[in-house]
1. Condition first: more than 15 Å from the ligand (Cβ to nearest atom) and within 30 Å of residue 8 (Cβ to Cβ). Now tell me which residues in region 186-229 satisfy that.
2. For residues that are surrounded by 15 or more Cβ atoms within 10 Å (Cβ to Cβ) and within 23 Å of residue 113 (Cα to Cα), tally how many sit in region 21-52.
3. Find the residue count for region 43-69, including only residues that are under 26 Å from residue 91 (Cα atoms) and either within 15 Å of the ligand (Cβ to nearest atom) or assigned to a strand (DSSP E or B) (or both).
4. Out of (1) over 22 Å from residue 193 (Cα atoms); (2) more than 16 Å from the ligand (Cβ to nearest atom), what's the single condition that is false for residue 117?
5. Quick check on region 238-249. Is at least one of its residues on the phi > 0 side of the Ramachandran plot and crowded, with 18+ Cβ neighbours inside 10 Å?
6. Got a number for residues in region 120-141 being away from the ligand (no atom under 16 Å from the Cβ) and closer than 24 Å to residue 19 by Cα?
7. Whether any residue in region 194-204 is in contact with a helix residue (DSSP H, G or I) (Cβ under 6 Å, 6 or more places away or on another chain), part of a loop (DSSP other than H, G, I, E, B) and buried (at least 17 other Cβ atoms within 10 Å of the Cβ) is what I want to check.
8. Does residue 259 satisfy the condition of being touching a helix residue (DSSP H, G or I) at 6+ places or on another chain (Cβ under 8 Å) and either in a loop (DSSP other than H, G, I, E, B) or farther than 20 Å from residue 110 by Cα (or both)?
Ligand SMILES: [Zn+2]
């Protein structure tokens, strides 16, 4: 198997790419001071005038007898779900859908969970138990949710498989070696995921690696939301205190790296193979 990383406990991680989409720099860093933004963009080989392409990745983890997926994605169009690329990537690793026993969903935005179901809204991974925060599930039940399209997708895609989901409350173990870290903000019940006390899946709480370096810069879609800053602070403290490997699902391939002291500031250093 061509896997991206092996933890010291022996869990093997593979980052499965299923697509990408463009994001305007102005939407990601609307309030950033121009000189600081230019410096950060240049260092990460971005240009202010060109969109940043977000990877859409699913993380696969083999740990002991468990086969775990974090944020299974079957395309961004919730009406035309295409699990083919995700199943193809798993197939390349020799993994069948029925092998997956654990699915962890950081939040119910379409780029993070559409692969929970097939085109007929049946579970794509028939043997899997799915995990999400209770506050996330309950928030999307709001009939007047401001993100109306996303709420409609939630109702269409996962309400009918509610019995497949275990709802979590904040920080708690999911299975041996996999721990939920409550990081609300980007969505009401967004969570991050800690693997073997060594790899931290930050989900969209730190949506681009420049937010690791400038946690005070909010994206347009995070303005006015509660808990964004405290969740970012919580993640950064964990990362630095325990020297965790970070995985960001939208970061440049494969999205793994570390936060290291660069001069007087912390900076993102991608993990190279
Ligand atoms: Zn996302």
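1. Passing the criteria: 194, 195, 196, 197, 198, 199, 200, 210, 212, 213, 215.
2. Matching residues across region 21-52 total 3.
3. Of the residues in that region, 15 qualify.
4. For residue 117, the exception is condition (1).
5. Looking through region 238-249, none of the residues is on the phi > 0 side of the Ramachandran plot and crowded, with 18+ Cβ neighbours inside 10 Å.
6. 10
7. Scanning region 194-204 turns up at least one residue that is in contact with a helix residue (DSSP H, G or I) (Cβ under 6 Å, 6 or more places away or on another chain), part of a loop (DSSP other than H, G, I, E, B) and buried (at least 17 other Cβ atoms within 10 Å of the Cβ).
8. Yes.
Each value in this text was obtained by applying a stated rule to the coordinates, not by laboratory testing. Computed from a prediction, not measured in an experiment: that's the story for all the values here. Positions of Cβ are generated from backbone atoms using ideal geometry, with glycine treated the same way; all protein chains shown enter the neighbour counts.
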